[in-house]
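Trainee: Provided herewith is a single structure, encoded as structure tokens, for subsequent inquiry.
FYI, it's all coordinate maths here, none of it is from the lab. Every value quoted in this text rests on a predicted model; they were computed, and no experiment measured them. Neighbour counts run over all protein chains shown; Cβ positions are idealised from the backbone, glycine included.
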Amino acid sequence: MSSQVLHKTDQQIEEEKLQIELAKQDPKQFETLYNKYFQQIFIFINRRTDNLDLSGDITSQVFLKAMLNLNKYQFKGVPFSAWLYRIALSEINQHYRENQKNRAISLEETDLKNIIEEAEENFSEEKTSALINAFQQLEEDQLQLIELRFFEKRSFKEIGEIMEITENNAKVKVYRVIDKLKNIMKS
Amino acid sequence: MSKFKINIGKPDPSESEMAQYKNFDYVYKPYQESQTGSSYGRYLNGSTPKFLSILIGTTVILIGSYLINKLMTPKVEQPVQIETTITTPFVNPPIENVNVAFQEFEVDVVQGGTFTYLSGSKITIPVNAFINGNGNPILGKVTMKYREFHDHAEIFASGITMEYDSAGLVSDFESAGMMEIIAFQNNTPVYIAKNKKVDIEMISNNNESRFNLYYLDTSQRKWVYKGKDQIIQRPEDRMDIAQELPQSVLKESDIELPLPIQIPIINEPIKPKTKNKNRFTFIFQVDPKAFPEIAVYDSVEWEYADVGDNFDPQGLYDITWQDVKLIKQEDNTYIVQLTHKNRKESHKVFPVYSGKDLEKAESKYKLKYKEYLKALDKKEELEKQRKEEYEKKRADIEEKEKERIAYLKKQAELRRQQVKWANAQTTMVSTVSRVFSIMTFGTWNCDSRVQRPQGIKVTASFKTINNEKLTLTNVYLIDKKINAIFPIHEIFSFNPNAENYIVGLVYPNKLAYFSPKDFDRIDGYKLKKVGLNNFTFTMHTTEKPISSVDEIKEIIGKL
């Protein structure tokens, strides 16, 4: 389970900027961007909802909000897709805040192994189960960092762009969450 | 209780599954509706219908409860309250927002100070001169507000009465200069402390000694005699006074703020890579200072990155290269540049390790990475702290700068007025300072009692030049040679030999006037020297309402 690559060549960035400008002038042109990013946003949301209908709804909300706010979007080094992910995270959070339901976390077994290794612990069944329990004690933003870094294998730069923090800050925050998980696992 | 539902190994939805939800119309239609203001809310979390129904429900309940209250509540007659107190302020400027502007000074209570008004008048505040409303001494900064009234227009606009009631005998004042001074701390009035006095050197264009000093007691609603002032000749050039400007409150150097010092970049350790046995590697010593990220590990080998497994660098080994350069790339690879005479070779390489060296390098890397993250954490914290400090300082400076700009703007405006005032006084016979001390803030006047004009007595009425009846308020008779304004009631007298004019106000704040020339045109033979005449004054009126004291001055100046 890995993420789509956010970063593009200069030419791709220029093409995308043009598409955005066209969509600003004629909203119908937004369809190009919708088609381009629909699947990755849908998957991103579904991993956190585990519900296809709900994912479909939230995905539509994300693109609708993007359309409504497109005039506010200005390319300042952050890719358009990162902006969509930000909206998606906000919509997911809003949904779960309003509905008081438990959101989903989707991961692979190897992801757990990677986290355990990152925490400098030896991989074992016991540790795996302790880690899964430890996730329950994380705050939403802490879990988001783990998801983006270990379950979706995003670079710190991408994480920074999605979570509106610096790359270094993303590293530090991930490190702190790992430390927290390590402490929870030990306790 | 679980906060999250954890799915392990569950595949992402297939393309066909996702395709069921992919339809641009799901987005575009609500977008269009939102633009036409129809039913956008339906698409955003579906909250609108619920909200509307709550509103409708609330309205029904409110109407219901209103009707019930209306039917059930016994009718009670409310007592009628009659206002018995006269609330008109004693000083009542005839035109709202048209008055002589105050000039503000800031004084440090413990230091006191002398300040110069735009006319050149000086106000001297002694140290520790202020108390609050409870009579307790205060510290800190106090804002002084000061203004002067010197001519007919300024006195007219001030709304300050020039009538003097001495034991029931009403007369009028001719002024040699009037001033008002008030003080505030945090917008709350403050007062002069007991045994302290504020010294005033008020510029005046009248050097005669017949004037006394009066204080306007607004609680008793009358002028109170306070003795005599002292007259001092002022040799200064008035234009010099006009150029005397207070200093800026903020120095230029205060505005400059160096950006927070950047903490040096911390190099991330490079994760050691395993040597590919199928590829060529080579060994060479690197300067540990230039490449600290390599120097932390032992026994590094360099592997070619941009060549296939069949690459044979044997030809490179046969030459003794004169110069070797290693250049770090962003992706943690390096470019090795080899030079021999005219031959140059450039290859992309990266450091690799094998066997026990790899194990050692890996465990060293873990330690180094942890150290790196800790250092990064510290750096972030420190940078955040510095940024916050910087932002706070910046905000403080911006605030001060705003104050400074507002202050300078105000000073520029005052200076403009000052120059205008000084230029307007060119006809003054002499300039003196009338010196006195005050122990109470408020309005002070250097006055001489003057008899109301005598001569022809009229019952006055007013009309426009179009013969329409005119209702005037704040009507005054003015003798150009006397710095006084005489209120006109229905019956008044004027001196036919004086240079008279009448001013008053017509709704909405238009100035009505009867000029000295108009007085000259009155056929004296038709008016009785003794007894009462009925006379209708045909007034000129301004086209627009009066908006400034300067405007009044300009109109009066032309009469």
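Trainee: So what J values fall out for region A:129-140 if you push phi through Karplus, 6.51 cos²θ - 1.76 cosθ + 1.60 with θ = phi - 60°, rounded to Hz, Gly and Pro as x?
Mentor: Working through the residues one at a time gives 5, 5, 5, 4, 5, 5, 4, 5, 9, 7, 7, 3 Hz.
Trainee: Would you please state the base-10 log of I(q)/I(0) at q = 0.15, 0.19, 0.23 1/Å for region B:452-558, with intensities from the Debye formula using one equal scatterer on every alpha carbon?
Mentor: Debye intensities relative to I(0), on a log10 scale: -0.60, -0.98, -1.43.
Trainee: Alpha carbon centre of region A:110-187 versus region B:266-286: separation in Å?
Mentor: Distance between centres, Cα-based: 28 Å.
Trainee: Let me ask you something else. Amide H to amide H under 5 Å from B:Ser121: which residues, 5+ apart in sequence or cross-chain, H placed 1.01 Å off N in plane?
Mentor: B:Ile203
Trainee: Where does the charge balance sit around B:Val349 when Lys and Arg score +1, Asp and Glu -1, over other residues with C-beta under 13 Å from its C-beta?
Mentor: Around B:Val349, the surrounding residues sum to +1.
Trainee: Listed here are the pairs B:Lys226/B:Lys480; B:Lys273/B:Lys328; A:Lys171/B:Lys273; B:Lys196/B:Lys222; A:Lys186/B:Lys10; B:Lys457/B:Lys529; which of them are more than 19 Å apart at the Cα?
Mentor: In this structure, B:Lys226/B:Lys480; A:Lys171/B:Lys273; B:Lys196/B:Lys222; A:Lys186/B:Lys10 exceed 19 Å between Cα atoms.
Trainee: Net charge near B:Asn128: determine it from the other residues with C-beta under 12 Å of the C-beta of B:Asn128, scoring Lys and Arg +1 and Asp and Glu -1.
Mentor: The answer is +1.
Trainee: While we're here: Distance between the C-alpha centers of region B:306-364 and region A:26-60? Whole Å please.
Mentor: 46 Å
Trainee: Farthest toward the dipole's positive end in region B:126-176, which of B:Val170, B:Phe149, B:Pro126, given Cβ charges of +1 (Lys, Arg) and -1 (Asp, Glu) about the Cα centre?
Mentor: Working it through, the farthest residue towards the positive pole turns out to be B:Pro126.
Trainee: Quick check of the Kirkwood formula: for region B:275-374, what is the inverse mean of 1/r over all pairs of different Cα atoms, in Å?
Mentor: After inverting the mean inverse Cα-Cα distance, the result is 14.8 Å.
Trainee: Considering Cα pairs under 8 angstrom that are at least six residues apart, work out the relative contact order of chain A and quote it in whole percent.
Mentor: Reported relative contact order: 23 percent.
Trainee: Let me know the volume per residue of the alpha-carbon convex hull for region A:10-99, in Å³.
Mentor: Roughly 94 Å³ of hull volume per residue.
Trainee: Let me ask something additional. Give the span of chain A's Cα atoms along each principal axis, as three whole-Å numbers ordered largest to smallest.
Mentor: Its Cα atoms span 57, 36, 23 Å along the three principal axes.
Trainee: Roughly how many Å is it from the Cα centre of region B:118-163 to that of region B:390-415, as a whole number?
Mentor: Computed from Cα coordinates, the inter-centre distance equals 25 Å.
Trainee: Set the bar at 32 Å for Cα to Cα. Now go through A:Lys182/B:Lys392; A:Lys182/B:Lys289; B:Lys289/B:Lys360 and name every pair that lies beyond it.
Mentor: With Cα atoms farther than 32 Å apart: A:Lys182/B:Lys392; A:Lys182/B:Lys289.
Trainee: Let me ask you something else. What's the local net charge at B:Val296, with K and R +1, D and E -1, over the other residues with C-beta under 11 Å away?
Mentor: With Lys, Arg at +1 and Asp, Glu at -1, the neighbours total 0.
Trainee: For chain A, what does the helix formula give at 222 nm: sum of -39500 (n - 2.57) over DSSP H segments with n ≥ 4, over the residue count, nearest 500 deg cm²/dmol?
Mentor: -22500 deg cm²/dmol
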